[in-house]
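Comments concern the structure below.
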Amino acid sequence: MQNLPLLKTDNLSKSFDYELFNSVDLTLLSRQSIAVMGRSGSGKSTLLHILATLMKPDSGSVEIMGEDIYSLSQKELELFRRKKLGIIFQSHYLFKGMSALDNIKSATLLSETKLDKDILEKLEIDNIINKRVGDISGGQQQRVSIARVLSKKPKIIFADEPTGNLDRATANLVMDVLDEYIKLNNAALFIVTHDIEIAQKSQKLFVLNNKNLSLR
């Protein structure tokens, strides 16, 4: 099966008080995972936010599935993000007063998909799914947030330190589930992490350093 480009960037740059990066060219294929590492403040999360349609670059373009995303209206962009993309943050952003199951179902309702119970079993949260989010551990909450994203059936998953709060065994479990997901669904994974062991699980590893993104 041919792996098709799902995401392409051309000459991306971004600055705040100082220039974070420039001339970033990147291609992400279906069934491919890419990890980006770099020192704190190098712009890793900013790059992820730009690719995930959350922040416009200063210059350059981002094309996702043939769509120049920053040429879309805000309403079109929000719909595109909801239907096509999944974003995993280190903070869980769960509704604490709701059960884990209701948190996941809220995402499936918005994206008009069905709950995949296999994902719950693979992430080993099927036994706590009816508990209130406030009554489960931080690691379980993180896996619930990942299940919520995967239940949307995104074509590209953007993950910002998705295993930062997990023990090694659970982190490896999560990465195995994400890897299996992208292969089964012809999807792709873009991950930002400080964890070299997690980064090395990706098919390509880049380093953001001195304003440039380079293949390690």
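Once R0 is set to 22 Å, what does the formula 1/(1 + (r/R0)^6) return for the Cβ-Cβ distance between ARG39 and PHE89, expressed as a FRET efficiency to the nearest 0.05?
Efficiency for this residue pair is about 0.65.
Identify, among SER111, ILE87, ALA100, the residue whose Cα sits farthest towards the positive end of the charge dipole of region 78-160, taking +1 on the Cβ of Lys and Arg and -1 on the Cβ of Asp and Glu, with the dipole about the Cα centre.
SER111
Testing the spin-label approximation: label points 7 Å from Cα along Cα→Cβ at ASP179 and SER13. State their distance in nm.
Output for this residue pair reads 3.8 nm.
Would you mind getting me the FRET efficiency between LYS75 and ASP116? Use the beta-carbon distance for r and R0 = 30 Å, nearest 0.05.
After rounding, the FRET efficiency stands at 0.60.
Have a look at the DSSP beta bridges in the chain and tell me what percent are antiparallel, nearest 5.
Of those bridges, close to 50 percent are antiparallel.
Could you work out the helix-only [θ] at 222 nm for the chain, with each DSSP H run of four or more residues adding -39,500 (n - 2.57) and the total divided by the number of residues, to the nearest 500 deg cm²/dmol?
Using -39500 (n - 2.57) per qualifying helix, the result is -9500 deg cm²/dmol.
Mind checking the per residue accessible area of region 135-216 for me, 1.4 Å probe, whole number of Å²?
So region 135-216 comes to 40 Å² accessible per residue, rounded to a whole number.
What is the percent of Cα-Cα separations in region 1-62 that go past 13 Å?
63 percent
At 7 Å along the Cα-to-beta-carbon direction for both ASN186 and SER61, put a label point, then send me their distance in nm to one decimal.
Placing both labels 7 Å beyond Cα along the Cβ direction yields 2.4 nm.
If amide H atoms are built 1.01 Å from N in the plane of the peptide, which residues on other chains or at least 5 residues away come under 5 Å of the amide H of ASN209?
Those qualifying (amide H under 5 Å, at least 5 residues apart or on another chain) are SER214.
May I ask you to give the percent of accessible area on the chain that is carbon plus sulfur, with a probe radius of 1.4 Å?
Looking at the chain in its full context, I get 45 percent from C and S.
Taking the alpha-carbon set of region 104-165, what are its Rg and Dmax in Å?
Answer for region 104-165, Rg first and Dmax second: 11.4, 31 Å.
In nm, what is the difference between 0.36 nm times the number of residues separating THR27 and ARG132 and their Cα-Cα distance?
Taking 0.36 nm per residue and subtracting the Cα distance, the gain is 33.8 nm.
Each label point is 7 Å from the Cα along the Cα-to-Cβ direction; what then is the distance between the points at ASP68 and ARG82, in nm?
2.6 nm
Enter the accessible area of TYR93 (Å², nearest 10), with the probe set to 1.4 Å and all protein chains included.
150 Å²
For MET55, tell me the accessible area in Å² from a 1.4 Å probe, rounded to the nearest 10.
We get 50 Å² for MET55.
Please list, ordered by chain and number, the residues whose modelled amide H lies under 5 Å from the amide H of GLN32; skip anything fewer than 5 residues away on the same chain.
LEU189
The values are calculated or read from the model by the stated rules, or taken from the named source; none is laboratory data. Owing to the predicted nature of the structure, the values given are computational and were not obtained by experimental measurement. Note that we place each Cβ from the backbone using ideal geometry, even for glycine, and neighbour counts take in every protein chain shown. For the accessible areas, the whole protein counts, side chains as well, though only heavy atoms, and no ligand, DNA or RNA atoms are used. Shrake-Rupley method; radii C 1.70, N 1.55, O 1.52, S 1.80 Å.
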